[in-house]
DNA sequence: AGCAGTTGCAAAATCGATTCACTAGCCGGA
DNA sequence: TCCGGCTAGTGAATCGATTTTGCAACTGCT
């Protein structure tokens, strides 16, 4: 503010520059003088001083497992659109699925005085902060947290309806890693929808991404199709009595397809594969993936919007859950079931 | 600090908590009293007040084109390791190759009082900020900027030596997008190494990622193999008189491979393909990619280290360039050249 | 003229730390 | 005794804004 000492008091300058309502008594001519001087001297208010007084940082913390391409990028691109429009910036912290970091980073960011918190794919259960929180793809009914979730029931319904209408009855299901909040939720939806559709769920056809000594904590990389390759390989060793598989996400689907090919099966000829998310490469892999698209961009935007509203109005009540609709994208990896083709081959081996 | 008014003066408390050297005259017993009270009351110094006084924010700005999986993730994971160890956080800003944003974001972040700047894959040319800057994969000799670069001469040498030792002589080269600083640098290296190795560069076999009305500004997505598919397709329409192609990056290589397959050629049977970067999926695509690995993690770590040093010591002189060594990773996408095989087929068409 | 209400601005408090300048008390040596 | 130096702190300035309070001058109304 020193620069302005040439003319008026700090008060006046502050009122004018912030276009404060109580500055209505200041005549246009004085305003112009101030604005012109600020422009000329390239005046920028000190961020710390302002934040100290107003007690807000105009920034939020984003807590995510990692910076993976598929999920993170897409969601963040929606988030950033909203934040930028509101003149907000964000700190990113990746917890790498480590419990210790999941608890430490929120504390550190609160000390950094972030105005709010955005959780991506991370359970809000163990996060206790005195600021607004919005969790995307988490399902914890925690007080003061708004969850932005996908309608998994609808998602599963779309996938299953598609597969069954192609004649598939023996369908394998791939469950997600325990650490990802959606995993359990998706599985519950699968069970319920199967019941509703009178579809028989065979426990022998259920595989897990993080089974058998393989978990997020040991060398998990979200972009590694390995997460789908291994469980599919394991399944194929036990049985080939299925004509379709519903994968936990697109990366896993790509890995599963490779495992199927390596086992001498064709996709979608012998086995149809459905992915989840619709990441960019889903359209580009061979065969291109039929997949349940999550409106990730929209989820990011909505999440950021709600967070900003919560920040602006800390008293108001906000919904604890906002549900978004998925959309089935049909591409090359699904096709009609060859009736009992696999079954026959399987029997032929005996 | 109010809480501490129970006992001592602000000064004392501050000295003790910061373990300041001038606190040597404070007896251990008093120290303990202060520390114990701070612990008990869960005291956290106000970030703004402290930053205002000390005039540093303990955070840096990261300017990148986008949040793509391949490059960004890998580099940032190195960066974050160093920043976290030094108790720094970072703001991310993605300029999406828009000149306007490339100039705007640095200004905004300087107003946010970041202590330094990290540029990823972004030219430092148009960035004028009064704080330390480290640019990773930029080659602009700008004052006060340290560039962390790859040894492109060595990189090209490794790739070319590999291909030539497999018998390849007719090699196509894919140039990168103009907007990416490495593109021009890589191309210069290719020209020079070719000269040194007596390798004939045929202009008819040089293709560009952003040729023909396709640039970063129109729908570019770093994860879209399309960036390699289109130029390869265009090349194949003109000639098939080549046995290998050296792609600008792995994503483009994956796209190029798909274009080759769609044209009825096999990889590496008919054409060998070399990528660049060694992103995660390079090892998982079919065929797995032979590629020049950039030590991205190390580049990120080194970049962050230098930036932190520059911040800690604003006067000292720092090198304007730090060069890192690449490493050729040989996988399935390259193989021996079939002597004149493609040539023959090409002639056969006439 | 007298009083209320508005206009146009300034002084000073405030936000919560860090840091500079000082001092009271005590001890030891000249 | 007197001075210097050490111990164990304290008081006040400072960082740079925002915000509260105050107040003189003017305007308008009766």
Rounded to the nearest 0.05, what FRET efficiency do residue A:164 and residue A:234 have when you use their Cβ-Cβ distance and R0 = 22 Å? 0.30
Provide an ascending nm list, one decimal, of label-point separations from residue B:195 to the equivalent residue in each further copy; define each label point as 7 Å from Cα along Cα→Cβ. 7.5
How long is the stretch B:83-224 along each principal axis, judged by its Cα atoms, biggest number first, in Å? 55, 35, 26
I'd like the orientation of helix B:296-312 relative to chain B: the angle between its Cα long axis and the longest Cα principal axis, in ° from 0 to 90, rounded to 10. 30
Over the Cα atoms, compute the radius of gyration (one decimal) and Dmax (the largest Cα-Cα distance, rounded to a whole number) for the protein assembly as shown, in Å. 28.7, 97
Helix-derived [θ] at 222 nm for chain A: sum -39500 (n - 2.57) over DSSP H runs of at least 4, divide by residue count, nearest 500? -12000 deg cm²/dmol
For helix B:181-196, what angle does its Cα long axis make with the longest principal axis of chain B, in degrees from 0 to 90 and rounded to 10? 50
How many nm is it between the label spots at residue B:297 and residue B:241, if each spot is 7 Å from the Cα in line with the beta carbon? 4.5
Residue B:9 label points, 7 Å along Cα→Cβ, one per copy: pairwise distances from this copy to the rest in nm, shortest first? 3.2
Can you tell me the length gained on complete extension of the stretch residue A:22 to residue A:10, counting 0.36 nm per residue apart and subtracting the Cα distance? 2.9 nm
Taking a ≥ b ≥ c as the square roots of the Cα gyration tensor eigenvalues, with a/c under 1.5 meaning rounded and otherwise prolate when a/b beats b/c, else oblate, which class fits the stretch A:225-350? prolate
Calculated label separations, residue A:262, copies of the chain, 7 Å along the beta-carbon direction, nm: 2.8
Report the FRET efficiency, 1/(1 + (r/R0)^6), for residue B:330 and residue A:196, where r is their Cβ-Cβ distance and R0 is 41 Å, rounded to 0.05. 0.20
Over the stretch B:1-97, calculate the relative contact order: mean separation of alpha carbon pairs under 8 Å at least 6 apart, over the residue count, as a percent. 25
Is there a simple number for the mean count of other chain Cβ atoms within 10 Å of the Cβ of residues in A:273-281, and what is it? 2
Peptides A:281-291, A:190-200 ordered by average Cβ neighbours within 10 Å, highest first: A:281-291, A:190-200
Other protein chain Cβ atoms within 10 Å, averaged over every residue that makes up B:46-57: 5
Starting from the Cα gyration tensor of the stretch B:23-116, take the square roots of the eigenvalues, sort them a ≥ b ≥ c, and report rounded, prolate or oblate (rounded when a/c is under 1.5, otherwise prolate if a/b is larger than b/c, else oblate). prolate
Zero-based 5 Å bins, Cα pair distances in the stretch B:16-61, whole percents: 5, 17, 20, 20, 19, 13, 4, 2, 0
For peptide B:97-110, how many partner chain Cβ atoms fall within 10 Å of a residue's Cβ, on average? 1
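Readers should treat all values here as calculations from the given coordinates under stated rules, not as data from a laboratory. All values reported here derive from a predicted model rather than from experimental measurement. All Cβ positions, glycine included, derive from the backbone under ideal geometry; neighbour counts span all protein chains shown.
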